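Reviewing the structure listed below.
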Amino acid sequence: MDLFDYLPDQKIQVCKPCGYGVSPGNFGRHLAKHHPNHLDLSRKAIHQVIGDLTKVPLINHRKEPIRLPDPTEPHFRSLSLWRGLRCPKCPYVCLADNTISTHMASKHPSAIPSGRKPRTAIPPDPIPRIEVDCQRFFSKGSGSGFFQVTIMPSPEELEERRRLEEMRRELSREDFIRAQIEVQIKDIQEQLEPIESCILDNQDPTEASPWQEMTRWSRYLHGKDLRIVTRLARLPDPATEPELHCIIQSLERVVQSAHQSVCEDKINIFDQARINSFILQRRAFDRPLMVKLQKPTWRIYIKVWSCLLCFARRTSQPDCPIGLAHRLTPRQLTLLDQLFEYAHRLVQWQRVESTSESSILDGSSQEHICLSSFNRLDNTCLEFCISLLDHILRGDLFESVVIGFFAAKGVNEEKKILKEAYDYTPTLSAFIKVAQMLVIQRSVRAAEDGEVDYPGDLLDEMRDRFLLHGTHSPFNWALRLRAYGKKVGCC
Ligand SMILES: [Zn+2]
Ligand SMILES: [Zn+2]
């Protein structure tokens, strides 16, 4: 069983993805709640898995004390690691500053500088505390106290470091990066293969539509008028929604410059391969991001994001005809307001310019104003798009406007039904491709503005935060949905 790690000295089964111990009576509930789709559970019945877990002696941590390791002992590989504070008088460890103050006040009152309030403005001596690495066995209740540990690399990690050092010495910089990327791609593919086959294994041919179940659209759209929902995700009418029209033109310019950045190699070939390496592609390294698409294809691709921006704006308005479950984050809201405001000003200005016979401004200042307004609009547009991707989903999936939008796009307006996978995966491909272009453009811009030294620096950061498989992000959901859709759509 790969999911758990048994600690023989403490007699605890630690759930590896969660990084904490699970009490013996709680295995069933924990697995159902946190890992319903784990491979171990599709291969065996749940009671069998629990049977395996309980074959070894297990502690009842609510009644018996757990053996705490010595602070010099190496850390437990399967438990989460924290940076904590240790009491200078005893082994007590906690995470927060004020917790240690409370601990000192109750356990070692004499160690605290006397209660007399100093009359001067000089603050009292801070309570001494020591920063340490720490872990805990359980996430709550008894056994959830932190204890100090010493981080020690495993023999494999030491071996890996030695190997990397050797490679770095012997290879040129480019070859070294190339080798690193190849290793990463291999790792990701190895991780993904079992997940993909697991999706197939779970598929039950008698179910109405596993695709519908996977998308959960019916839950998000439950009781909603589907005609209104599709209208919210439509392209704008330039006459009645000039600002939205102006915004989607801005998006087109942004994607266009991203396209140019790739063609002009502003982002180097390694980074291009990198952004693609999280997608299942046998030879991702040989195939950096494909941008040589036909013009009409690009137009269709950008259309998906254009509709997304319109959907975000329309559903954030107080007069939106239906209430949907997604919520914009404060950052998304601020950027969207700004974006709309810039678009509004530009629309007004264009209107004045087109109606007045002769412009008040001379040609060059007019051009200058125009250029800077467009730049500001495009930059905000790009920022807003990135903020939509950079939405870590801690609770419900449908908190994300992107995922809500996927549902809205899943409605077949004519037939008033939800689209099936074969009909839908192209939408996800378009979303993914344009998202990659936007991330590239954001990285290129950051390097041009001096925010980072190389585009690759920010690219790596964004990739780790919200593009990689395993991150809880809308992008990752799109990848999973597409992988699933392709499996179920072709049979
Ligand atoms: Zn777990
Ligand atoms: Zn203490």
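The values are calculated or read from the model by the stated rules, or taken from the named source; none is laboratory data. All figures in this text were calculated on a predicted structure; none of them were measured in a lab. Cβ: placed from backbone, ideal geometry, glycine included. Neighbour counts: every protein chain shown.
The table that follows gives values for the structure above.
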{"quantity": "Qualifying positions in the range 406-461 - over 20 Å from residue 252 (Cβ atoms) and hydroxyl-bearing (Ser, Thr, Tyr)", "calculated": "422, 424, 425, 454"}
{"quantity": "Qualifying residue in the range 362-377 (condition: surrounded by 22 or more Cβ atoms within 10 Å (Cβ to Cβ), modelled with pLDDT of 85 or more and closer than 22 Å to residue 458 by Cβ)", "calculated": "yes"}
{"quantity": "Verdict on residue 70 being modelled with pLDDT of 90 or more and either within 15 Å of ligand 1 (Cβ to nearest atom) or loosely packed, with under 14 Cβ neighbours inside 10 Å (or both)", "calculated": "yes"}
{"quantity": "Within the range 73-107, considering residues that are more than 16 Å from ligand 2 (Cβ to nearest atom) and of a type in the set (Ser, Thr, Tyr), the one surrounded by the most Cβ atoms within 10 Å (Cβ to Cβ)", "calculated": "78"}
{"quantity": "Cross-chain or 6+ apart pairs with Cβ under 9 Å, the range 17-31 first and touching a residue at least 12 places away in the same chain (Cβ under 8 Å), then of a type in the set (Asp, Glu) and surrounded by 14 or more Cβ atoms within 10 Å (Cβ to Cβ)", "calculated": "31/40"}
{"quantity": "Yes/no for residue 166 being at pLDDT 75 or above, within 27 Å of residue 17 (Cα to Cα) and of a type in the set (Asp, Glu)", "calculated": "no"}
{"quantity": "Candidate set from the range 16-31 (those that are surrounded by fewer than 22 Cβ atoms within 10 Å (Cβ to Cβ) and under 17 Å from residue 46 (Cα atoms)); member that is nearest to ligand 1 (Cβ to nearest atom)", "calculated": "30"}
{"quantity": "Pick from the range 139-165, criterion part of a loop (DSSP other than H, G, I, E, B) and hydroxyl-bearing (Ser, Thr, Tyr), ranking: farthest from the chain's Cα centre (by Cα)", "calculated": "142"}
{"quantity": "Residues of the range 235-256 that turn out to be free of Cβ contacts under 8 Å to residues at least 60 places away in the same chain and part of a helix (DSSP H, G or I), as a count", "calculated": "4"}
{"quantity": "Conditions (1) at pLDDT 85 or above; (2) on the phi > 0 side of the Ramachandran plot; (3) not aliphatic (A, V, I, L, M): number failed by residue 253", "calculated": "(2)"}
{"quantity": "Subset of the range 436-488 (residues that are hydroxyl-bearing (Ser, Thr, Tyr) and over 29 Å from residue 423 (Cα atoms))", "calculated": "443, 454"}
{"quantity": "Matching option when the condition is in contact (Cβ under 8 Å) with a residue 24 or more places away in the chain, more than 16 Å from ligand 1 (Cβ to nearest atom) and not hydroxyl-bearing (Ser, Thr, Tyr), among 95, 53, 79", "calculated": "95"}
